[in-house]
Amino acid sequence: MTIVLSILMYIGVFVLDYSCICTMNPHVALVGKTVASLSFVLLAVVILFKKDCRKFKYKMLIFTGLCFGCLGDIFLNVNFIPGTETLFFLIGLLAFAIGHIFYAWAFIDRSPIQILTFLPVVLTLSVFCMLTRQFASAFDMGSMFIPILIYGAMVSFMAAKSIGLFKYKEKAKKTVWLTVLGAIFFYVSDFILLFLFFVPVFSSKTPGYNRTAFIILTLGNSMIYYTGQLLMAFSLKGDLE
């Protein structure tokens, strides 16, 4: 029953998100994103209350990460108050970063840090610096470069650390895959957001932007991000032990 309701909720979220994008009304987008993000938090609450909550610390860390992701989604869409765009972007970025800290904390709780965990972080930052330098004229980050660089390190560490959960795949294969894929989907979504926010041709705030590319990227990003949210919420159904 939970799966059927989740599928219906996912379809509803996608339709709602598509409507928000098409209207291009920031107030509608804020309401739509808020409802969409809260729905996954509520799904996690339902799953936690239905389960005999073993590994309570781990699950509460994941749940807290989902909550901060919800807050980040909301703040990133409070962009209609003149003069506050940068402020709310940074608050949203901070909320997402805190969420990733809780995810990483949960993964570390179940699997200790290893040196190889930092390899994806180094690769991510290298690619990020290479792209922004090689295509400097395409990116418009300004003072946001350092915050984005730090955030990139955090989300790549979180995604890399999730892979350590494969040590539990023999006894909790489904839970491991749900969690790892959820983390990777977050990582991919954030990479797409880099283009939506900082490449003028894809940004709706830039006069003469490519509307078709914007809609495709935004819808694609929403599908990836909300799939990650759904997978992470569903991962709470199982136990890693």
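Apart from one condition, Ile115 fits all of (1) out of contact with any Gly (no Cβ under 9 Å at 6 or more places or on another chain); (2) closer than 24 Å to Cys67 by Cα; the exception is (2). Hey, Lys237 hits all of (1) touching a Lys or Arg at 6+ places or on another chain (Cβ under 9 Å); (2) open to solvent by 20 Å² or more (accessible area, probe 1.4 Å); (3) within 22 Å of Gly92 (Cα to Cα); (4) modelled with pLDDT of 80 or more but one; which does it fall short on? Of everything listed in (1) touching a Lys or Arg at 6+ places or on another chain (Cβ under 9 Å); (2) open to solvent by 20 Å² or more (accessible area, probe 1.4 Å); (3) within 22 Å of Gly92 (Cα to Cα); (4) modelled with pLDDT of 80 or more, Lys237 misses just condition (3). For the structure I just gave you, tell me whether Val41 is part of a helix (DSSP H, G or I) and either at pLDDT below 80 or buried (at least 20 other Cβ atoms within 10 Å of the Cβ) (or both). No, not satisfied.
Can you find a residue in region 173-183 that is closer than 29 Å to Tyr58 by Cβ, open to solvent by 70 Å² or more (accessible area, probe 1.4 Å), out of contact with any Phe, Trp or Tyr (no Cβ under 8 Å at 6 or more places or on another chain) and touching a residue at least 60 places away in the same chain (Cβ under 8 Å)? Taking every residue of region 173-183 in turn, at least one turns out to be closer than 29 Å to Tyr58 by Cβ, open to solvent by 70 Å² or more (accessible area, probe 1.4 Å), out of contact with any Phe, Trp or Tyr (no Cβ under 8 Å at 6 or more places or on another chain) and touching a residue at least 60 places away in the same chain (Cβ under 8 Å).
On inspection, Phe145 qualifies as over 16 Å from the mean Cα position of the chain (by Cα) and at pLDDT 80 or above. When region 171-187 is filtered for residues that are under 11 Å from Ser156 (Cβ atoms) and of a type in the set (Val, Ile, Thr), only Ile184 remains.
Residues of region 2-15 include none that is modelled with pLDDT of 90 or more, of a type in the set (S, T, N, Q) and closer than 28 Å to Phe166 by Cβ. Take the residues of region 87-120 that are surrounded by fewer than 13 Cβ atoms within 10 Å (Cβ to Cβ) and either of a type in the set (Val, Ile, Thr) or at pLDDT 85 or above (or both): which is nearest to the chain's Cα centre (by Cα)? The selected residue is Leu87.
The values are calculated or read from the model by the stated rules, or taken from the named source; none is laboratory data. Predicted model, so just to flag it, every value in this text is computed and none were measured. Neighbour counts are summed over all protein chains in view; Cβ atoms, including those assigned to glycine, are modelled from backbone coordinates with ideal geometry. Side chains are part of the model used for accessible areas, which takes the heavy atoms of the whole protein and leaves out ligands, DNA and RNA. Shrake-Rupley method; radii C 1.70, N 1.55, O 1.52, S 1.80 Å.
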